[in-house]
Amino acid sequence: MVDLRRAAAVVGVHEHVTRYAPDKSELQIQGESIIKALEDAGLDKGDVDGLFTASMSVRNSGLNLADYLNMYPKHVDNTTVGGGSFEFHLAHALNAIYAGRINCAVITYSTLARSGGVSVGTGGVSRFGHPRLDPSPDSFEELYGLTTVGLYAMIAQRHFHQYGTTPEQLAEIAVAVRHHASMNPEALFRDEITVEDVLRSRVISSPLHLMDCCVITDGGGAVVVASPEVARSCRHRPVWVLGTGEAVAHQGAGKRDLIYVAAKQSQGPAFAGAGVTQADIDMAMIYDSFTITVLETLEDLGFCEKGEGGEFVSGGRLKIGGGLPINTDGGGLSSNHPGMRGIFLLMEATRQLRHQFEGTPRQVPDCKIALCHGTGGALGSRHSGGTVILGRD
Amino acid sequence: MPDWNKPLPTVVGETRAYWDACRRGQLLIQHCGQCGEYQFYPRGICAHCWTENPGWVAASGKGTVWTYTVTYQNRTPGFDQGPYVLALVELEEGVRMFSNIVECDPREVSIGMAVEVTFQRATDQISVPYFKPAG
């Protein structure tokens, strides 16, 4: 494989901090975010020649966005594979930059899941605003009352059965992520919680409690990715793309091995491309739609053996100061989860690698290499996984 | 016929045989004459060996609960009135399908539990396969 290390860098990020935006359009949030992310990079409209986006609510999102922005991208990509789409976008932007097609790409997303009253987790799984496609598995799922929470709950139940994982261990993940949210003034929920708080919250779909589930917010943001030449002229030191991997999982034609997630397939190319191992990762942004998502992803990324995730996440390992700090912005479990969350993983990893929080408890000490893993779709049925490894010089 | 307010499947060419059989109280699954593999959900090609026109066989209708969840919150009509059991059932033939476990207390459901198919008539065209504890 071609060595793509440092062939592109994240040079600008902006998280639209709104968690509730009833008076804005999705496109407006994206437009505002792009302006701010370019400011962060020290670039402007004329520098951007690639456009990457995904949407939960509109088809042809790349077309609509290019029109709204009055932009003529040389490369447009609206790969939409669920919440982890943005890790895919970064990998695709890297390829396009390496190929010399573009020099600077914007990845952007927004949604109004909260003000729109979208039942992201507790409506039917195909109720994401897209029309029913047939023949599709929807006709063999919807009629049984599948929900997103229900699918993840079934995965958790099987993990409990097969490996002895406990609700207390899942709760440890929510506790660690909330601890990080307590340090993020923008997070939706900032009060520290205990394992008992999680277990006392109501059961949505057994064995998952309310606090095992992510929040629902509005929001969005933008990430600017650029060639090494452009990156060296930007305001911040480059956050290099070191390795990427992408996968879709759980096909099997009815013989799905649901105990593994797409991370098992996507992590190999990412680590091999980056030339690093799990032991080199200083912090990780792990898609946390649910606590079980984090546990299975950590196992399949190779941070521990399959089935040992419950023990791995216990004892504060996932907190800053622990062995593998994750989701230092408060994650989807506590900070924000506007329908799809993968873009925020890239932003927080970039902040940490810039040492933006130096001198505060939120900074992962001496952070040099970070891993982002986005999960899209739903574990238990069709889902995607995108792994990205980022590093600073 | 009682009012059916749950979602209904869309019947298309490649799934019609499945739903026609359900209406007769029979669970059909696809079995490929080329590679000998079973598949679920039904589709117009064998997804294992990529040949066309996989054949149909009657499943025994018996299986076990591979995993399940008791769902308390779902805004979908028909599922918004109290808990129900959503399960992934592994059929004797080896394929797994989503269904609900019915005719038992949700607290009695467990992984590995033996179940068998039962049908409920939704409309004149559609009967839906569910699973109940094996008798």
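The values are calculated or read from the model by the stated rules, or taken from the named source; none is laboratory data. This is a predicted model, so every value here is computed, not measured. We place every Cβ from the backbone using ideal geometry, glycine too, and count neighbours over all the protein chains shown. What goes into the accessible areas is simple: the full protein's heavy atoms, side chains included, and nothing from ligands, DNA or RNA. Shrake-Rupley method; radii C 1.70, N 1.55, O 1.52, S 1.80 Å.
Of all residues in the stretch A:202-217 being open to solvent by less than 20 Å² (accessible area, probe 1.4 Å) and out of contact with any strand residue (DSSP E or B) (no Cβ under 8 Å at 6 or more places or on another chain), which is farthest from the other protein chains (Cβ to nearest Cβ)?
My answer is A:Thr217.
B:Gly112 versus (1) within 9 Å of chain A (Cβ to nearest Cβ); (2) exposed (fewer than 13 other Cβ atoms within 10 Å of the Cβ); (3) among the small types (Gly, Ala, Ser); (4) farther than 19 Å from A:Leu151 by Cα: which is the lone unmet condition?
(4)
For the stretch B:107-122, which positions are modelled with pLDDT under 95 and under 15 Å from B:Thr71 (Cβ atoms)?
If the condition is that a residue be modelled with pLDDT under 95 and under 15 Å from B:Thr71 (Cβ atoms), then B:Arg107 is the only one that fits.
Which count do you get for residues in the stretch B:67-87 that are assigned to a strand (DSSP E or B) and facing chain A (nearest Cβ under 7 Å)?
Let us first name the residues in the stretch B:67-87 that are assigned to a strand (DSSP E or B), namely B:67-71, B:84-87.
If we keep only those that are facing chain A (nearest Cβ under 7 Å) too, we end up with B:67-71, B:84, B:86.
Within the stretch B:67-87, residues that are assigned to a strand (DSSP E or B) and facing chain A (nearest Cβ under 7 Å) number 7.
Kindly evaluate A:Thr328 against the criterion of being part of a helix (DSSP H, G or I) and buried (at least 24 other Cβ atoms within 10 Å of the Cβ). Break it down stepwise before answering.
Values: part of a helix (DSSP H, G or I): no; buried (at least 24 other Cβ atoms within 10 Å of the Cβ): yes.
It is false that A:Thr328 is part of a helix (DSSP H, G or I) and buried (at least 24 other Cβ atoms within 10 Å of the Cβ).
Only one of A:Ala272, A:Ala253, A:Ala247 is outside any loop (DSSP other than H, G, I, E, B), touching a residue at least 60 places away in the same chain (Cβ under 8 Å), surrounded by fewer than 20 Cβ atoms within 10 Å (Cβ to Cβ) and among the hydrophobic types (A, V, I, L, M, F, W, C). Can you tell me which? Talk me through it step by step, then tell me what you get.
Working: A:Ala253 fails: touching a residue at least 60 places away in the same chain (Cβ under 8 Å); A:Ala247 fails: surrounded by fewer than 20 Cβ atoms within 10 Å (Cβ to Cβ).
The unique qualifying residue is A:Ala272.
Which one of these is assigned to a strand (DSSP E or B) and more than 17 Å from the chain's Cα centre (by Cα): A:Ile204, A:Ile193, A:Ile259? Quick ask: steps written out before the conclusion?
Working: A:Ile193 fails: assigned to a strand (DSSP E or B); A:Ile259 fails: assigned to a strand (DSSP E or B).
Unique residue meeting the criteria: A:Ile204.
Residue-by-condition table, conditions (1) part of a helix (DSSP H, G or I); (2) open to solvent by 10 Å² or more (accessible area, probe 1.4 Å); (3) closer than 24 Å to A:Trp240 by Cα; (4) modelled with pLDDT of 95 or more:
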{"site": "A:Gly302", "(1), (2), (3), (4)": "no, yes, yes, yes"}
{"site": "A:Glu305", "(1), (2), (3), (4)": "no, yes, no, yes"}
{"site": "A:Ile320", "(1), (2), (3), (4)": "no, yes, yes, yes"}
{"site": "A:Gln352", "(1), (2), (3), (4)": "yes, no, yes, yes"}
{"site": "A:Gly374", "(1), (2), (3), (4)": "no, no, yes, yes"}
{"site": "A:Ser381", "(1), (2), (3), (4)": "no, no, no, no"}
{"site": "A:Gly386", "(1), (2), (3), (4)": "no, no, yes, yes"}
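Return the total of residues in the stretch B:1-24 being open to solvent by less than 70 Å² (accessible area, probe 1.4 Å), part of a helix (DSSP H, G or I) and not small (Gly, Ala, Ser). Before the answer, list the steps.
Residues of the stretch B:1-24 that are open to solvent by less than 70 Å² (accessible area, probe 1.4 Å), as a first pass: B:4, B:6-15, B:17-22.
Now restrict to residues that are part of a helix (DSSP H, G or I): B:13-15, B:17-22.
Applying the additional criterion that residues be not small (Gly, Ala, Ser) yields B:14-15, B:18-20, B:22.
Of the residues in that region, 6 qualify.
Checking A:Leu188 against (1) open to solvent by 40 Å² or more (accessible area, probe 1.4 Å); (2) closer than 30 Å to A:Leu43 by Cβ; (3) not in a helix (DSSP H, G or I), which test does it fail?
Of (1) open to solvent by 40 Å² or more (accessible area, probe 1.4 Å); (2) closer than 30 Å to A:Leu43 by Cβ; (3) not in a helix (DSSP H, G or I), only one is false for A:Leu188: (2).
Could you list, in sequence order, all residues of the stretch B:36-62 that are more than 7 Å from every other protein chain (Cβ to nearest Cβ) and open to solvent by less than 10 Å² (accessible area, probe 1.4 Å)?
Residues satisfying the conditions are B:Pro42, B:Cys46, B:Gly61.
Give the residues of the stretch B:66-93 that are in contact with a Lys or Arg (Cβ under 6 Å, 6 or more places away or on another chain) and of a type in the set (A, V, I, L, M), sorted by residue number.
B:Leu88
I'd like to check something: does the stretch B:93-101 contain any residue that is of a type in the set (A, V, I, L, M), at the interface with another protein chain (Cβ under 9 Å from one of its Cβ atoms), surrounded by fewer than 19 Cβ atoms within 10 Å (Cβ to Cβ) and in contact with a helix residue (DSSP H, G or I) (Cβ under 6 Å, 6 or more places away or on another chain)?
Checked the stretch B:93-101: no residue is of a type in the set (A, V, I, L, M), at the interface with another protein chain (Cβ under 9 Å from one of its Cβ atoms), surrounded by fewer than 19 Cβ atoms within 10 Å (Cβ to Cβ) and in contact with a helix residue (DSSP H, G or I) (Cβ under 6 Å, 6 or more places away or on another chain).
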